[in-house]
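The values are calculated or read from the model by the stated rules, or taken from the named source; none is laboratory data. Only a predicted model underlies this, so the values are computations on that prediction, with no experimental measurement involved. Glycine gets a Cβ as well: all are built from the backbone with ideal geometry, and neighbour counts include every protein chain shown.
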Amino acid sequence: MFGMLFSLKEILGKIGGGREDLQTMRTPAYATHIFETVTGLRFVINTDSQAQSCRSELEHIYTNIYVEKIIMNPLYDPASG
């Protein structure tokens, strides 16, 4: 998954003049929804190809779960990996 998203982002960056805003990729079998933070952290979810955009759900996961439970945790040490 990482290689595919990295390649698509590179191609979009070259075609779009530096703007690489990939939010949803659809195939006949599935849809991949991507939310990338300012720091480059990516949240990805695969859904049925008929599903609507999941951007708001991915933003919710980032702001209300990741930031609240991981980043604001006093025991979290970013240097430990």
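Data overview
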| quantity | calculated |
| --- | --- |
| Failed item, numbered, when residue 27 is tested on (1) at pLDDT 90 or above; (2) more than 11 Å from the chain's Cα centre (by Cα) | (1) |
| Cβ-Cβ under 7 Å pairs, at least 6 apart or on other chains, region 1-27 side more than 23 Å from residue 48 (Cβ to Cβ), far side part of a helix (DSSP H, G or I) and modelled with pLDDT under 75 | 20/9; 20/12; 20/13 |
